[in-house]
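Participant: Once you've had a glance at the structure underneath, I'll fire off some questions.
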Amino acid sequence: MILSLAAVTAMSSGGGSSLNSSALDPFDSSTSWSLAEDPSNSSSEPVVRTLTPDLQPASSAVAVQDVSPWDVALCVTGTLISCENALVIAVLFYTPTLRAPMFILIGSLAVADLLAGLGLILNFVFTYLVDNSLEYVTLLSVALLISAFSASVLNILAITVDRYLSLYNALTYHTERTVTFTYVMVGLIWVLSLTFGLLPAFGWNCLKDESSCSICRPVTKINAVALAVTFLLVFALMMQLYLQICKIAFRHAQQIAVQHQFVAISTHKGVSTLSAILCAFGACWLPFAMYSIVADSSYPAIYTYATVLPATCCSVINPIIYAFRNPDIQKSLWLACCGCVPSNLSLRPRTSSDV
């Protein structure tokens with residue numbers, strides 16, 4: 001999906017010009033010239049020689065498409081994303097104690113990021129190893145990438161809502177927040193994400209009208225703007241929720257006078273963590289969302305690559321923020337790797353402000 005329009009255009013223009021020039025240039029090193037006798041002349045007449053080009057077989061070889069370093073970087077990023085999130089999914093799957101609603105959301109986020117990583121790898125394969133002119137190949141690639149990244153963003157929003165509710169309704173959270181409710185919410189997230197991904201297959205594509213393409217073929221400009229605006233709304237909602245979380249955390253710190261020093265330190269650490277999460281999320285996705293709104297397929301491809309790559313890096317950061325920092329997941333990882341748990345590993349329950 002990513003920049004396939006630019007790649008095809010560059011190959012067609014560059015490859016075609018080189019073929020025409022080599023066919024017409026008499027000084028091309030791949031063309032040898034020889035004197036051949038005209039067969040219409042008889043042996044009694046003077047021999048008339050004509051100059052005819054003798055093309056070597058090497059000149060008919062099909063030009064190989066150059067591999068873009070940006071596509072290689074995206075493929076490497078996709079591989080790293082897949083490895084990280086596959087590890088998270090394995091830990092959650094093989095640890096029966098990690099079945100709380102929080103871990104269900106983390107697992108759903110890991111599945112979304114895993115599919116996003118696989119989508120980046122498949123996009124590289126479809127671009128350079130498979131005939132990407134086939135419509136179903138292009139639509140399959142774009143459906144997987146849009147669905148996976150949409151699910152990733154929505155799962156991050158769901159985790160933010162979960163953290164907010166655990167502070168806002170601290171006394172009733174564990175009784176109201178059931179596993180069934182969490183599974184229903186995860187199901188809605190994936191239905192909505194699959195709907196976004198299948199829009200190009202339902203006709204919202206620019207395969208028959210290249211002028212209506214966005215920066216990511218075959219997504220139309222209208223579709224790309226709609227997805228970007230949806231992301232901006234999600235980001236604005238996350239900012240509001242994180243501000244509310246910070247206010248609640250500071251209020252709790254002021255209300256508990258006995259543990260004032262401990263809670264103040266914990267609260268400041270939690271606020272710093274939340275700020276880092278929000279800044280990382282915005283830095284990864286905001287450039288691509290804003291560029292999708294203002295740009296189209298006529299813009300230079302390098303600008304698209306420069307905004308897509310940071311967006312994909314968000315899926316590299318997610319396992320570190322939401323999974324590997326959790327003490328329960330850390331304990332499972334240590335047990336799986338070396339069969340022991342370090343003595344300095346904190347196993348206290350992680351509060352919402354820590355996440």
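Participant: Is it the case that residue 184 is open to solvent by 30 Å² or more (accessible area, probe 1.4 Å) and aliphatic (A, V, I, L, M)?
Facilitator: Yes; evaluated as a whole, the condition is true for this residue.
Participant: Residue 197 fails exactly one of the following numbered conditions: (1) in a helix (DSSP H, G or I); (2) within 22 Å of residue 77 (Cα to Cα); (3) touching a Cys at 6+ places or on another chain (Cβ under 9 Å). What is the number of that condition?
Facilitator: The number of the failed condition is (3).
Participant: Moving to a separate point now. Scan the range 170-179 and give yes if some residue there is at pLDDT 80 or above, in contact with a Ser or Thr (Cβ under 7 Å, 6 or more places away or on another chain) and open to solvent by less than 30 Å² (accessible area, probe 1.4 Å), otherwise no.
Facilitator: No: zero hits.
Participant: Also, quick follow-up: Residue 61 is checked against (1) at pLDDT 95 or above; (2) more than 30 Å from residue 331 (Cα to Cα) and fails just one. What number does that condition carry?
Facilitator: Condition (1) is where residue 61 drops out.
Participant: Tell me yes or no: at least one residue of the range 235-244 is surrounded by 17 or more Cβ atoms within 10 Å (Cβ to Cβ), under 24 Å from the mean Cα position of the chain (by Cα), among the aromatic types (Phe, Trp, Tyr) and closer than 27 Å to residue 140 by Cα.
Facilitator: There is no residue in the range 235-244 that is surrounded by 17 or more Cβ atoms within 10 Å (Cβ to Cβ), under 24 Å from the mean Cα position of the chain (by Cα), among the aromatic types (Phe, Trp, Tyr) and closer than 27 Å to residue 140 by Cα.
Participant: Which residues, counting only those in the range 202-222, are surrounded by fewer than 22 Cβ atoms within 10 Å (Cβ to Cβ), among the small types (Gly, Ala, Ser) and either part of a loop (DSSP other than H, G, I, E, B) or in contact with an Asp or Glu (Cβ under 7 Å, 6 or more places away or on another chain) (or both)?
Facilitator: Selection gives 203 alone.
Participant: Restricting to the range 122-150, and then to whatever is free of Cβ contacts under 8 Å to residues at least 60 places away in the same chain and within 11 Å of the chain's Cα centre (by Cα), can you tell me which residue is farthest from residue 321 (Cα to Cα)?
Facilitator: Selected residue: 144.
Participant: What tally of residues in the range 128-169 results from selecting those that are at pLDDT below 85 and of a type in the set (Gly, Ala, Ser)?
Facilitator: The qualifying residues number 2.
Participant: Any chance the range 153-161 includes a residue that's hydroxyl-bearing (Ser, Thr, Tyr) and under 24 Å from residue 320 (Cβ atoms)? Quick ask: steps written out before the conclusion?
Facilitator: So in the range 153-161, the residues hydroxyl-bearing (Ser, Thr, Tyr) come out as 160.
Remaining after also requiring under 24 Å from residue 320 (Cβ atoms): 160.
Looking for residues that are hydroxyl-bearing (Ser, Thr, Tyr) and under 24 Å from residue 320 (Cβ atoms), one finds at least one in the range 153-161, hence yes.
Participant: Any residue in the range 173-197 that's closer than 12 Å to residue 101 by Cβ: show its pairings with residues that are charged (D, E, K, R) and open to solvent by 80 Å² or more (accessible area, probe 1.4 Å) at Cβ separation under 8 Å, as long as the two are six or more apart or on different chains.
Facilitator: Short answer, once both residue conditions are applied: 179/99.
Participant: I'm trying to understand the selection: among the residues of the range 265-291, which are buried (at least 21 other Cβ atoms within 10 Å of the Cβ), modelled with pLDDT under 90 and among the small types (Gly, Ala, Ser)?
Facilitator: 270
Participant: Here's another thing I want to ask about it. Which residue, of 161, 153, 229, 225, is open to solvent by 30 Å² or more (accessible area, probe 1.4 Å), within 27 Å of residue 103 (Cβ to Cβ) and assigned to a helix (DSSP H, G or I)?
Facilitator: Details: 153 fails: open to solvent by 30 Å² or more (accessible area, probe 1.4 Å); 229 fails: within 27 Å of residue 103 (Cβ to Cβ); 225 fails: within 27 Å of residue 103 (Cβ to Cβ).
From the options 161, 153, 229, 225, the qualifying one is 161.
Participant: Name every residue in the range 332-341 that is without any contact (Cβ under 8 Å) to a residue 24 or more places away in the chain and out of contact with any Ser or Thr (no Cβ under 9 Å at 6 or more places or on another chain), in order of residue number.
Facilitator: Correct list: 334, 337, 338, 339, 340, 341.
The values are calculated or read from the model by the stated rules, or taken from the named source; none is laboratory data. Predicted model, so just to flag it, every value in this text is computed and none were measured. Cβ atoms come from the backbone with ideal geometry, glycine included; neighbour counts cover every protein chain shown. Only protein heavy atoms, including side chains, enter the accessible area calculation; ligands, DNA and RNA are left aside. Shrake-Rupley method; radii C 1.70, N 1.55, O 1.52, S 1.80 Å.
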